[in-house]
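This report concerns only the one structure given below.
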Amino acid sequence: SRPVHVVGFLSDKYRIFSGGDDYSSTLWDIASATEITSYSEHTDYVRCGCASKVNADIFITGSYDHTVKLFDARTKSSVMTIEHSHPVESVLLFPSGGLLVSAGGRYVKVWDVLKGGQLLVSLKNHHKTVTCLCLNSSGQRLLSGSLDRHVKIYSTTSYKVVHSFNYATSILSLALSPEDETIVVGMTNGVLNVKHRKPEEKNENSQKKRQPAYRTYMKGRTYMPKQEDFCVSKPVKRVLRKYDKLLRSFQSSKALDAVLEPAIMVHTPEVTVAVMQELHRRGTLRSALAGRDEKQVNLLLTFVARRVIEPRFTPVLVTVADMITDIYHPVVGQSAVVDKQFLKLKEAIGKEIDYQEELLEVLGMMDTLFATFTKKTDTCLEENKSNGVTEIIETSRSY
C-alpha cells in the first residue's frame, strides 16, 4: 500500500519477497501472481533485505525500527529477531548462510545466525551513515559504502580495513562485477562511478635474464676435503608446515581446516589435537569452530568421536566436544548426518564412562587384596643362660 524499497528472488526462483514503507514483508508466488503470506512485524519502514542461497524458504529484512528479522516461508511469524540499535540500511548473508552482516548508523555488524544471532564483531570505521554492503565473489572481502564518501574494504578473516576508496559525494549504492574486476558506485549527485582494475602490465621487450651456466651449479660438488681442511656445514632452512604458517598469521579457522585433512587426521592425529590445544590456549578455539557448514561439522564430530576415548587426547577433545555441542545445539535436528555423529559421540563417551567405572571397581578390589598382605612383626624375647651369663636374644618372625 506504500512505496516498495526491496524485492528479491528466493533461491528456488519461483517466489519473490518484497518490503516497503507499509511496514510489511510479503511473499509472492510468480506462477500464479498471488500473495502467499504477509508479515507485519516491523514497526517502521522496511528498507533492505536478502534471501538465503542455501535454504529456499529463508529470507531476511531490515527496517528503520532498528531490527533485522529472519523469516521462514513455512511459518507464520519471524524465526529470529536481531537488534542492530540503529536504523538498518542494508543486510547481507554470506554464501554459507551462517553469517549475517547488517549496516545502519555508523556501524557494520556481523552476526552468527547458527548461534541464534550472536554478535561476532562490530565495525565502526565510517564517520557517517553506512548505506550499502557488498561481498566479492570469493567471500574474502566485505565492502561498505557510506555518506562520508568512502568505500571501505574489510578482510572477512580479521575484519580489518585492507583498502579504501574516496569519492566526490555521498554514496547510496555499491556493486562488484562477478569477476571482481569492476566496482560500481551510485552517488547522491546522480553520478554512476565505474572503476576497473588495472591489468598487469607485461613488458614484452624486456630481455630474459641470462641464467648461470651449468658448471656454475656443479662447481665444487665433487671436491673432497683434505685432512687439514675445516668444513663449515650450510645451515638448513627450516620449512614451516601450512598450519604453522597460518597460526603465525593468526588465521585460526584456516589453521584448524589445515589439520582436518584426512591425511593428517588418520596418520598424525596428535598434530590435529595439538593445534586445537594451541587455539584453546590463545582463546580462539570457539571462533574457529563456529560458522561451519554441514560437511565440516560432520568431519569435526567424526574425529572427536573416534579419538576422545584415547587417554592422551581426552583432556583436549572433551573441551572441543563441549564447545561444538554448545555452538551447534540450536541446529540439532536440521541435518540427519550431523545428528548421527552427535549420537555416535554420545555412545562413545557412554561406553568410556562404563569402562572407567568397571576399572575403578577392579582397582578397589586390588587395594583390598594388597591391604591383607602387609607385614606383621612379632618380637619374642628368649633368655639364653650359658656360663652363668644371661643373654636376651630378640628374634623377629615375619608372616
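The values are calculated or read from the model by the stated rules, or taken from the named source; none is laboratory data. Model, not experiment: these values are computed from the prediction. Note that each Cβ is placed from the backbone with ideal geometry, even for glycine, and that neighbours are counted across all protein chains shown. Heads up: the accessible areas ignore ligands, DNA and RNA and are worked out on the full protein's heavy atoms, side chains in. Shrake-Rupley method; radii C 1.70, N 1.55, O 1.52, S 1.80 Å.
Could you count how many residues in region 33-55 are farther than 23 Å from Gln118 by Cα and open to solvent by less than 60 Å² (accessible area, probe 1.4 Å)?
4
Listed here are the residues, each with its yes/no results for (1) modelled with pLDDT of 90 or more; (2) touching a Gly at 6+ places or on another chain (Cβ under 7 Å); (3) outside the structural domain of Ile153 (by the TED database); (4) part of a strand (DSSP E or B).
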site	(1), (2), (3), (4)
Leu27	yes, no, no, yes
Ile36	yes, no, no, yes
Ile60	yes, yes, no, yes
Val79	yes, no, no, yes
Ile82	yes, yes, no, yes
Glu89	yes, yes, no, yes
Pro95	no, yes, no, no
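How many of the residues in region 187-218 are of a type in the set (Gly, Ala, Ser), modelled with pLDDT under 85 and open to solvent by 50 Å² or more (accessible area, probe 1.4 Å)?
The number of residues fulfilling the criteria is 1.
Looking at region 3-13, is at least one residue of a type in the set (Phe, Trp, Tyr) and surrounded by fewer than 16 Cβ atoms within 10 Å (Cβ to Cβ)?
Yes, region 3-13 contains a residue that is of a type in the set (Phe, Trp, Tyr) and surrounded by fewer than 16 Cβ atoms within 10 Å (Cβ to Cβ).
Say whether the condition of being part of a helix (DSSP H, G or I) and open to solvent by less than 60 Å² (accessible area, probe 1.4 Å) is met by at least one residue in region 228-240.
No, every residue in region 228-240 fails to be part of a helix (DSSP H, G or I) and open to solvent by less than 60 Å² (accessible area, probe 1.4 Å).
Is there any pair linking a residue in region 173-186 that is open to solvent by less than 50 Å² (accessible area, probe 1.4 Å) to one that is of a type in the set (Asp, Glu), with Cβ under 8 Å and at least six apart or on different chains, and which?
That search, which allows pairs on different chains as well, returns nothing.
In region 307-338, which residues are open to solvent by 40 Å² or more (accessible area, probe 1.4 Å), of a type in the set (A, V, I, L, M, F, W, C) and within 24 Å of Thr284 (Cβ to Cβ)?
Val318, the sole residue that qualifies.
For region 1-25, which positions are closer than 24 Å to Glu89 by Cβ and assigned to a strand (DSSP E or B)?
Once the filter is applied, which keeps residues that are closer than 24 Å to Glu89 by Cβ and assigned to a strand (DSSP E or B), region 1-25 yields Val4, His5, Val6, Val7, Gly8, Phe9, Ile16, Phe17, Ser18, Gly19, Gly20, Ser25.
Among the candidates Val273, Val297, Val304, single out the residue that is in contact (Cβ under 8 Å) with a residue 24 or more places away in the chain, in a helix (DSSP H, G or I), over 20 Å from Leu114 (Cβ atoms) and open to solvent by less than 70 Å² (accessible area, probe 1.4 Å).
Val273
Restrict the check to region 82-104 and report whether at least one residue is of a type in the set (Val, Ile, Thr) and surrounded by fewer than 20 Cβ atoms within 10 Å (Cβ to Cβ).
No, because not a single residue in region 82-104 is of a type in the set (Val, Ile, Thr) and surrounded by fewer than 20 Cβ atoms within 10 Å (Cβ to Cβ).
Taking Met323, is it modelled with pLDDT of 85 or more and either assigned to a strand (DSSP E or B) or more than 30 Å from Gln277 (Cα to Cα) (or both)?
Here the answer is no, as Met323 does not meet what is asked.
Does Gln296 count as more than 19 Å from the chain's Cα centre (by Cα), among the polar types (S, T, N, Q) and within 30 Å of Thr156 (Cβ to Cβ)?
Criteria not met by Gln296.
Among the numbered criteria (1) within 19 Å of the chain's Cα centre (by Cα); (2) over 24 Å from Tyr355 (Cβ atoms), which single criterion is violated by Ile324?
(2)
Would you confirm, using the coordinates I've provided, whether Ser137 is open to solvent by 10 Å² or more (accessible area, probe 1.4 Å), assigned to a loop (DSSP other than H, G, I, E, B), polar (S, T, N, Q) and farther than 22 Å from Lys254 by Cβ?
Judged against the criteria, Ser137 is not a match.
Within region 145-172, can you find the residues that are under 20 Å from Ser122 (Cβ atoms), surrounded by 13 or more Cβ atoms within 10 Å (Cβ to Cβ) and among the basic types (Lys, Arg)?
Of everything in region 145-172, just one residue is under 20 Å from Ser122 (Cβ atoms), surrounded by 13 or more Cβ atoms within 10 Å (Cβ to Cβ) and among the basic types (Lys, Arg), namely Lys152.
Take the conditions within 21 Å of Leu174 (Cα to Cα) and among the basic types (Lys, Arg) and apply them to Lys109. Does it pass?
yes
Conditions (1) touching a Gly at 6+ places or on another chain (Cβ under 7 Å); (2) modelled with pLDDT of 90 or more; (3) not in a helix (DSSP H, G or I), marked per residue:
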site: Arg312; (1), (2), (3): no, yes, yes
site: Thr319; (1), (2), (3): no, yes, no
site: Val337; (1), (2), (3): no, no, no
site: Glu352; (1), (2), (3): no, no, no
site: Glu357; (1), (2), (3): no, yes, no
site: Glu361; (1), (2), (3): no, yes, no
site: Thr390; (1), (2), (3): no, no, yes
